[in-house]
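Just below is one structure, and these are the notes that go with it.
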Amino acid sequence: MAESAPTDTHKRTGNRRGWRLHGDGRTIAPGERVLPEERLSWPRTISIGAQHVVAMFGATFLVPLLTGFPPSTTLFFTAIGTLLFLLITKGMMPSYLGSSFGLLAPIGAVTGFSATSGEALEPHAMALAQGGIVSVGVTLALVGLVVHFVGVRWIEVTMPPVVTGAIVALIGLNLAPAAWDWVKAAPLTAVITIVAILLTTVLFRGMLGRLSILIGVLVGYGAAWLQGELDFSTVAKADWVGLPAFHAPAFDLGHLGLFLPVVLVLIAENIGHVKSVAAMTGRDLDHLTGRTLFADGFSTILAGSGGGSGTTTYAENIGVMAATRIFSTAAYLCAAVIALILSMLPKFGEIIATIPPGVLGGAATVLYGMIGMLGVRIWVENKVDFSNPINLNTAAVSLIVAIANFTWTPGGLQFEGIALGTASAIIIYQVMKAIARWRGTDPDNVTENFAEAADRTDAPQAPRRGRATHPFTSDVTDGSSQEPGSPA
């Protein structure tokens with residue numbers, strides 16, 4: 001009953017306009033949470049919003065720097081996307097939509113951009129990458145609509161934890177060569193950046209520890225400045241106030257195979273976000289999963305249409321909520337407004353664009369590795385059993401396909417490591433699982449049936465009439481405990 005109160009309160013305030021004040025708006029009693037429909041006083045809410053901007057800032061700005069996209073434009077669309085997200089989820093799902101790292105590999109494959117070359121991103125290549133981003137957004141939005149009306153169970157069946165973990169892991173590991181290319185451009189600066197990130201994580205508590213990427217980039221930036229690696233020529237020419245540069249997309253069906261697998265990653269990230277917020281607020285938020293997916297997809301469509309990178313919910317902001325216990329969506333409204341203002345300061349955007357390759361390489365080394373380890377975390381948290389050869393082969397083949405960047409070009413279409421690795425994970429798991437169930441060799445079913453047989457053997461049995469029961473066959477007449485294809 002303790003957890004029902006927030007849910008009841010939520011139902012009463014779900015259609016309320018604005019946010020009600022939490023207590024006196026100034027203090028939070030020990031153990032209390034500021035719920036999504038609540039807020040503190042506006043000065044305090046604005047300060048929490050600024051904290052969310054700082055939390056997402058390092059990773060969100062790193063994506064356009066790694067892809068050659070305009071940083072101010074990317075920031076502009078994350079702000080607009082967050083405002084739309086709050087509107088579509090009716091102010092009930094706290095989140096900031098930052099830049100998605102899942103799109104780095106397909107964007108790089110299309111544009112061929114290298115931060116170490118000193119050359120600007122080719123406009124047509126950028127337009128084609130934007131078209132791919134739009135395709136990701138459209139697909140994710142459609143998935144959101146289906147989930148909203150049908151439910152999320154079909155995703156869980158298609159992508160169990162072993163598949164989801166493999167897909168997330170292979171995206172990070174596929175990017176490893178790009179990180180090495182940047183590190184080679186300025187090894188000392190890259191090492192300083194990496195060390196700063198790692199030390200910040202363990203030296204500081206609270207928010208400072210959670211901002212390790214941002215602090216590491218700042219330290220690396222200082223080291224690059226001392227070594228004369230910075231070029232401020234574009235900063236002096238930039239205006240103080242102005243709109244970001246917008247760029248129209250172009251479309252090529254041949255690139256769809258590079259981008260569409262990223263949809264699976266965004267689905268996993270968004271569902272994970274919903275589950276995390278639900279756990280922290282003590283609410284069942286599954287009914288918002290469809291809206292969350294649709295909102296992120298719609299935001300990604302807008303970003304790709306105007307020259308920004310795709311968006312996703314951010315773990316950095318989950319960390320802020322966990323630390324502060326403030327889940328007010330009013331704070332995210334403030335964060336979006338602050339980000340929108342920053343995106344309209346061109347000189348600020350040019351300063352960000354001066355971050356040199358060595359710093360990018362150091363930060364990318366940590367971030368790409370983190371993406372890979374997020375996949376491993378999915379396996380660990382869901383207790384994926386790798387003594388099961390189905391799970392083992394699913395992960396093994398898909399990871400090697402992605403790391404080695406296998407490439408397939410049928411009929412003018414191009415499928416590379418991430419696309420082929422993602423397809424491998426899904427197909428291998430589903431096909432092996434189906435065959436194992438048909439043949440009765442599925443280790444999961446065998447283990448369950450042995451356990452059931454042992455329980456029946458140990459329990460006192462009353463005399464029974466009729467047919468004898470095989471130890472591997474369920475006694476339940478409705479078949480609810482017996483999976484299709486179990487050995488009879």
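Here is how the numbers come out for the structure above:
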item	result
Residue check for residue 106: modelled with pLDDT under 90, over 25 Å from residue 212 (Cα atoms), crowded, with 20+ Cβ neighbours inside 10 Å and within 20 Å of the chain's Cα centre (by Cα)	yes
Residue list for the range 287-328, restricted to those being crowded, with 23+ Cβ neighbours inside 10 Å and polar (S, T, N, Q)	289, 292, 299, 300, 309, 311, 312, 313, 317, 328
Members of the range 220-273 that are in contact with a strand residue (DSSP E or B) (Cβ under 6 Å, 6 or more places away or on another chain) and among the charged types (D, E, K, R)	269
Residue 251 being open to solvent by 10 Å² or more (accessible area, probe 1.4 Å) and closer than 21 Å to residue 151 by Cα	no
Wholly enclosed helices (runs of 4 or more DSSP H) of the range 305-410 bearing at least 1 residues within 30 Å of residue 435 (Cβ to Cβ) and in contact (Cβ under 8 Å) with a residue 60 or more places away in the chain	357-381, 389-403
Those residues of the range 175-193 which are under 30 Å from residue 419 (Cα atoms), within 24 Å of the chain's Cα centre (by Cα), modelled with pLDDT of 80 or more and crowded, with 20+ Cβ neighbours inside 10 Å, in sequence order	179, 182
Looking only at the range 159-173, and only at residues there that are touching a Leu at 6+ places or on another chain (Cβ under 9 Å) and open to solvent by 10 Å² or more (accessible area, probe 1.4 Å), the one that is nearest to residue 358 (Cα to Cα)	173
Helices (runs of 4 or more DSSP H) (entirely within the range 91-177) containing at least 3 residues that are in contact with a helix residue (DSSP H, G or I) (Cβ under 6 Å, 6 or more places away or on another chain)	104-111, 123-150, 161-174
Residue ID - farthest from residue 377 (Cα to Cα), chosen from residues in the range 389-411 that are among the hydrophobic types (A, V, I, L, M, F, W, C) and open to solvent by less than 80 Å² (accessible area, probe 1.4 Å)	404
Flag for residue 371 being closer than 30 Å to residue 69 by Cα, touching a Gly at 6+ places or on another chain (Cβ under 6 Å), surrounded by 17 or more Cβ atoms within 10 Å (Cβ to Cβ) and at pLDDT below 80	yes
The range 197-214, residues that are aliphatic (A, V, I, L, M) and either open to solvent by 40 Å² or more (accessible area, probe 1.4 Å) or at pLDDT below 85 (or both)	198, 199, 202, 203, 207, 208, 211, 213, 214
Candidates 337, 359 - the one that is modelled with pLDDT of 95 or more and hydrophobic (A, V, I, L, M, F, W, C)	337
From the options 114, 95, residue that is open to solvent by 20 Å² or more (accessible area, probe 1.4 Å) and of a type in the set (Ser, Thr, Tyr)	114
Residue within the range 431-448 that is closer than 30 Å to residue 254 by Cα, open to solvent by 80 Å² or more (accessible area, probe 1.4 Å), modelled with pLDDT of 55 or more and under 40 Å from the mean Cα position of the chain (by Cα) present	no
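The values are calculated or read from the model by the stated rules, or taken from the named source; none is laboratory data. Treat the numbers as computed from the prediction; the structure is a model and nothing was measured. Please note: Cβ atoms are built from the backbone with ideal geometry, for glycine as well, and neighbour counts cover all protein chains shown. Note: areas computed on protein heavy atoms with side chains; ligands, DNA, RNA excluded. Shrake-Rupley method; radii C 1.70, N 1.55, O 1.52, S 1.80 Å.
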